[in-house]
Each structure stands twice: as C-alpha cells, then as structure tokens.
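Read the figures in this text as sums done on the coordinates, not as results from a lab. As the structure is a computational prediction, the values presented were derived from the model and not from experiment. With ideal geometry, Cβ positions are generated from the backbone for all residues, glycine too; neighbour counts draw on all protein chains shown.
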Amino acid sequence: MRIIRSPAAMQRQALAWRRDGVRVGLVPTMGCLHAGHMSLVRRARQAVGPRGVVVVSIYVNPTQFAPHEDFRRYPRDAARDCRACREGGVDVVFRPSDPAMYAGGRARGHSTYVAEERLSRTMEGASRPMHFRGVTTVVAKLFNLVLPELAVFGAKDFQQAAIVRRMTRDLNFPVKVVVVPTVREPDGLALSSRNAYLEPAMRTRARALWQAIAKARAGVRARPAPGAAALKRHLTRFIERQPGARVDYLEFFDPATLEPRRRVRAGTRFALAVFLGRTRLIDNARL
Ligand code: PAF
C-alpha cells in the first residue's frame with residue numbers, strides 16, 4: 001500500500017492510471033476509520049476488481065466545519081487508519097495536509113467553492129449553514145485529484161450522498177456515486193467516528209436515536225399517514241427524556257427531493273440529529 005501526501009503527486013498517479021486503463025475506486029473519509037468505512041472499501045474493491053485500485057482519502061476537511069464546531073478535536077489517528085487500510089486491501093491512502101489542499105492554510109489563498117443550492121437547504125444544511133459547501137468543494141477536488149470511476153459514500157449521511165450525487169450530475173463529473181447501507185452496533189447505534197466522543201453513560205443514551213427510528217416505523221404501521229408534526233413532537237419528547245439529550249432536528253422527507261413531508265407514509269425517509277452533551281449524532285432510515 002502506498003501513502004501519497006501531495007495533491008500533485010496524487011493527480012500524476014491518477015493520470016498514469018487513466019493512461020494505463022486502470023479502474024479506480026475512491027472512498028473519501030475524514031479518517032478515524034471504523035467497520036462502516038471498511039464496508040465502503042469492500043464495495044469499491046468489488047466494483048473495480050482485483051486489477052483495479054482502491055484509494056482511500058483521509059482528510060479532516062476544514063471548510064465543512066463552522067468555527068464553533070469540532071474541527072480541532074475531531075479524532076485523528078493516522079497510524080491506526082493506515083493499518084486498517086493495509087489490512088482492508090486498500091492500494092493507496094491519500095492523506096494531504098491542509099496547506100497542500102487549500103493553498104495556504106485554513107482556506108487562505110483559496111477562493112473557489114462548489115455549492116449545491118437546493119438539496120442543501122434543509123436538515124444538516126439548515127443546522128450547519130456552510131457545511132455542504134465545504135463537502136461539495138472537497139469532494140470535487142478529490143474527484144479531480146484521484147480521477148475515480150466510482151466513489152463510495154455511506155448512507156448514514158443520506159443528505160450528503162444525495163448532494164454529492166446531484167453535484168456529480170450537475171457538473172458532469174464522469175464518476176458513479178455509490179451509496180452503501182449504514183453499519184450499526186448490535187443495539188442499533190450507527191457507526192460514526194464521533195461515537196468516540198461518547199462517555200459510557202452517553203453511549204448508552206445514544207440508543208435513543210435508533211429507538212426513535214423504530215418508534216417512527218411503528219407509528220407508520222399503526223396508522224395510515226400520521227401527521228409529521230405530531231410524530232416529531234412525540235419523538236422529541238421520547239429522545240429528550242434521556243438526560244443530556246437535545247434534539248437538533250427531526251425530519252420526515254421525500255427520499256428523492258429531500259422536501260419535508262407533512263404526512264408520513266411507508267417509503268418516507270426519516271432523519272434526525274441529536275446532541276448528547278456536546279456530541280452531535282445523526283442517523284436516518286427509510287420508514
Ligand atoms: O463523510 C465524510 O466523512 C466527509 O464529509 C467527506 C465526504 C469525506 C468529505 O470531507
């Protein structure tokens with residue numbers, strides 16, 4: 001396995017692969033890799049085959065964090081991540097530094113951004129206003145540096161995957177966006193690098209997210225098309241019964257347009273963001 005740190009070297013390698021007809025699969029990550037990421041790696045390998053190459057990018061992207069968010073304390077463990085990639089059969093880890101990615105440190109000297117303007121308005125986009133602009137910008141840069149034929153994303157970030165897919169279509173990137181189901185702990189908690197922040201008591205309370213999804217599913221089974229507002233109130237009360245839990249948002253929405261739905265039916269998507277102390281977790285599921 002090779003570790004490439006310079007964007008220019010990454011792009012040179014990608015151009016050489018393209019000339020040689022090598023198939024390339026990209027798994028963009030911010031590191032702190034867990035079993036969910038490794039399922040993306042397996043999917044990329046399955047797509048490009050044993051003669052293709054799988055590239056994992058590890059980069060905590062500063063432009064998708066607001067100044068008050070957890071950019072500085074986001075968990076980073078390059079040695080552990082590289083080991084996991086080696087054991088997972090990854091060919092190249094692309095691990096650029098901030099100055100290299102954004103010409104001169106935290107967005108200094110860099111003044112071009114890619115912004116999706118419709119799907120980014122709700123949920124994560126409403127709560128974290130500049131977040132998706134940072135995501136689409138860095139993903140566009142990664143597409144240009146790695147030149148993959150496919151890129152694999154996790155369904156836990158359902159809105160992110162929809163926005164990346166839209167950007168790829170709108171800007172004609174010749175990249176297939178593949179979305180892989182969420183990997184969960186035995187008690188239902190979605191795997192996330194931010195789970196590392198949870199102390200034992202909060203970890204136990206974090207089950208409330210999956211329990212809320214189960215309750216939403218039960219709500220849809222019990223009555224035809226229940227109202228979203230009443231269901232949100234009920235689920236907010238349920239989640240906030242956990243000490244230290246605060247709902248950031250709950251949304252019922254159309255999985256294709258991401259538009260909120262006033263009535264909840266089978267097939268509606270449900271997403272939620274919940275603070276457990278200072279840790280903010282997200283999850284979603286089809287009802
Ligand atoms: O999902 C993530 O880890 C990040 O948002 C991504 C796609 C790697 C962009 O920084």
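Summary table
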quantity	calculated
Cα-based Rg / Dmax (Å) for the stretch 1-159	15.4, 45
Shape of the stretch 153-287, Cα gyration tensor, a/c cut at 1.5	oblate
Stokes-Einstein D in µm²/s, Kirkwood radius over Cα pairs - the stretch 174-249 at 25 °C with 0.890 mPa s viscosity	171
Rh (Kirkwood; distinct C-alpha pairs) - the chain, Å	19.8
Calculated on alpha-carbon atoms, Rg and Dmax of the stretch 103-163 in Å	12.6, 33
Stokes-Einstein diffusion coefficient of the stretch 133-207, Kirkwood radius over Cα pairs, 25 °C, 0.890 mPa s, in µm²/s	175
In Hz, Karplus ³J(HN,Hα) per residue of the stretch 270-279 (6.51, -1.76, 1.60; θ = phi - 60°; x = Gly, Pro)	10, 10, 8, 10, 9, 8, 10, x, 8, 8
Taking Glu185, Glu149 and counting other C-beta atoms within 10 Å, the order from fewest to most	Glu185, Glu149
Amide H contacts under 5 Å for Asp248, placed H, 5+ residues apart	Ala273, Val274, Phe275
Top positive-direction residue, dipole computed over the stretch 1-43 with Cβ charges, set Ile3, Pro28, Ala16	Ala16
Sequence-distant lysines (8 or more away, or on other chains) whose Cα lies within less than 21 Å of Lys156	Lys176, Lys215, Lys232
Whether the stretch 60-141 is rounded, prolate or oblate, judged on the alpha carbon gyration tensor where a/c under 1.5 counts as rounded	prolate
P(r) histogram, all alpha-carbon pairs of the stretch 1-88 included - 5 Å bins from 0, percent	3, 13, 21, 22, 19, 13, 6, 2, 1, 0
